[in-house]
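In what follows, a structure is listed as C-alpha cells, so that the remarks can point back to it.
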Amino acid sequence: SVRNPDVANPDRRWEQSSIKAELIHDRLLSSEKLPSRKLSLAEIIPDWPVLHHFTKKEKQESFLKPLVDQYAKEGKDKKVVFECIFSKPNSKPKWFLRKDELFPGSKYKFKNENDTYTLIISNPKVEDTGKYTIEIGGINSIGYLNVE
C-alpha cells in the first residue's frame, strides 16, 4: 500500500510548518514599512490571494437619436416638431434657438417622455429660422429649421 509520507513522518509536517513560520517571521522583520502600520496578510503570507481593485466605468451619456433638420412653409405648416432620444431617461433638457434659451408658452411646447425629448414650434414663421439646440447634462444635439 502507498503511504503518505507526511502521515508516516509527523516530524516532516512540523518541519514544513516551521519553515513557513520562519518565512513569515523573516518577512515581518525585514519589512521596510512604517512601524505605525501593520502589514497585510498579503504582505506576510506567501501565495495569499490578492484582491484586485476594479473601478466601475461610467457610461458616457449620449443622444441615441439626434435632432433632424426641419423645413416648413410659413402660413402653410401649423407646427414643426424636433425630436430626439437621449440615453438617460427623464433628464432635464434645455432648448435654445441660436443662443437664447426657449421657455414653454404659446409658441413653444416641450414634451419629455422617458428617453424621448420633443420641441413643438407652433405656427412657424421666417424669423423662427435658425439653429435649435437641446442640451442635457452638458451634451448637445443640434437641428436647423428653415422656414420659407
> Where in segment 58-80 does the label zone of Val126 land, with the point 7 angstrom along Cα→C-beta and an amide N cut-off under 16 Å?
Replying inline: 72-77
> If we restrict to alpha carbons, what Rg and Dmax does segment 63-147 come to, in Å?
Replying inline: 12.1, 36
> By the scheme Lys and Arg +1, Asp and Glu -1, what is the net charge of all other residues having a beta-carbon under 14 Å from that of Ile120?
Replying inline: +1
> Which lysines have a Cα less than 17 Å from the Cα of Lys59, not counting those fewer than 8 places away in the same chain?
Replying inline: Lys88
> Karplus couplings for segment 140-146 from phi (6.51 cos²θ - 1.76 cosθ + 1.60, θ = phi - 60°), rounded to Hz, Gly and Pro as x?
Replying inline: 10, 9, 10, x, 9, 10, 10
> Looking at segment 75-148, which trypsin sites (Lys or Arg not before Pro) are DSSP coil and have at most 10 other C-beta atoms within 10 Å of their C-beta?
Replying inline: Lys76, Lys78, Arg98, Lys99
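Every number in this text was worked out from the coordinates using simple rules, so none of it is lab data. Note that the structure is predicted; figures quoted are calculated from it, not measured. FYI the Cβ positions are ideal-geometry reconstructions off the backbone, even for glycines, and counts take in every protein chain you see.
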